[in-house]
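Here the structure is laid out as structure tokens; the discussion comes afterwards.
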Amino acid sequence: MAKSTAQKQTTARLTEEIEIIGAREHNLKNISISFPRNRLVVITGISGSGKSSLAFDTMYAEGQRRYMESFSAYARSFIGNLERPDVDKINGLSPVISIEQKTTSRNPRSTVGTVTEIYDFMRLLFARAGEAYSYLSGHRMERQSEDQILDAIVRKFKGKKVTLLAPMVKRRKGHYRELFVQIRKAGYTKARVDGIVQEITAKMQVDRFK
């Protein structure tokens, strides 16, 4: 029982912090230190005190090495071996991303995702495995069939007049005469233009400069 409790405490601690034991890379003097996980941590000190040695040459290097070890032997043959940093042990280390000060970008809208080139992969991951939630209700958004949508409308608005809208043009200028002709021929009688619902008439158009 005591052993089980100790194991649980160790596991809980590793989920809350990153523990470095005996770091000696470059000018580090066999230091041991812990960092809280999921927090913004600043490493500060005078020049030559070992900030980069701890952050880049120890933590990042070990995280990168562990990642490379997950590859197959065939894939690693093209990458080469990464030397293990001079440290006794690192516990609770998360997957790592490194952005050095020498990284240059002239785009003021650059983010960690674009600089490290993982933004497109994150978009793909979110599209395939992510869960979307409504910013209005906070409820999870789920795909529904046409029948499910119709049933939900009937239940919620039974006995009431309902208007269903779909965007045709958004944030684009133009008169759109041809578009109004097409949707009028399709049987639609009304359109919402600039927030106002109005009848679709012959030769209808909008202000192309508005």
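The values are calculated or read from the model by the stated rules, or taken from the named source; none is laboratory data. Everything quoted here is computed from the prediction, not taken from an experiment. Every residue, glycine among them, receives a Cβ derived from its backbone with ideal geometry; neighbour counts consider all protein chains shown.
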Review point. How many residues are farther than 24 Å from residue 190 by Cα and aromatic (Phe, Trp, Tyr) if we restrict to segment 124-179?
Key: 3
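Scan segment 138-147 and tell me whether some residue there is in a helix (DSSP H, G or I) and either exposed (fewer than 12 other Cβ atoms within 10 Å of the Cβ) or in the same structural domain as residue 97 (by TED's automatic domain parsing) (or both).
Filtering segment 138-147 down to residues in a helix (DSSP H, G or I) leaves 146-147.
Still in the running and either exposed (fewer than 12 other Cβ atoms within 10 Å of the Cβ) or in the same structural domain as residue 97 (by TED's automatic domain parsing) (or both): 146-147.
Yes, that holds for at least one residue.
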Review point. Taking segment 165-210 as the region of interest, how many residues are surrounded by 11 or more Cβ atoms within 10 Å (Cβ to Cβ) and assigned to a strand (DSSP E or B)?
Key: 5
**Study point:** Number of the condition not met by residue 133 [criteria: (1) exposed (fewer than 10 other Cβ atoms within 10 Å of the Cβ); (2) modelled with pLDDT of 90 or more; (3) hydroxyl-bearing (Ser, Thr, Tyr)]
**Key:** (1)
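Right, residue 154: of a type in the set (A, V, I, L, M) and part of a loop (DSSP other than H, G, I, E, B) or not?
On the way: of a type in the set (A, V, I, L, M): yes; part of a loop (DSSP other than H, G, I, E, B): no.
When the stated conditions are applied, residue 154 does not pass them.
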Exercise for review: Could you give me the residue pairs with C-beta distances under 6 Å whose first residue belongs to segment 29-46 and is without any contact (Cβ under 8 Å) to a residue 60 or more places away in the chain, whose second residue is outside any loop (DSSP other than H, G, I, E, B) and basic (Lys, Arg) wherever it lies, and which are 6+ apart or on separate chains?
Suggested key: 43/51; 45/51
Exercise for review: Please go through segment 35-83 and pick out each residue that is exposed (fewer than 12 other Cβ atoms within 10 Å of the Cβ), over 27 Å from the mean Cα position of the chain (by Cα) and assigned to a loop (DSSP other than H, G, I, E, B).
Suggested key: 44, 45, 46, 47, 48, 72, 80, 81, 83
Study note, to complete from the structure: Of (1) on the phi > 0 side of the Ramachandran plot; (2) surrounded by 10 or more Cβ atoms within 10 Å (Cβ to Cβ), residue 117 satisfies every one except (2)
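It is to be established whether one or more residues within segment 141-162 are touching a Phe, Trp or Tyr at 6+ places or on another chain (Cβ under 9 Å) and at negative phi. Break it down into steps so the answer makes sense when it comes.
To start, the set of residues in segment 141-162 that are touching a Phe, Trp or Tyr at 6+ places or on another chain (Cβ under 9 Å) comprises 141.
Subsequent filtering for residues that are at negative phi retains 141.
For segment 141-162, residues touching a Phe, Trp or Tyr at 6+ places or on another chain (Cβ under 9 Å) and at negative phi: present.
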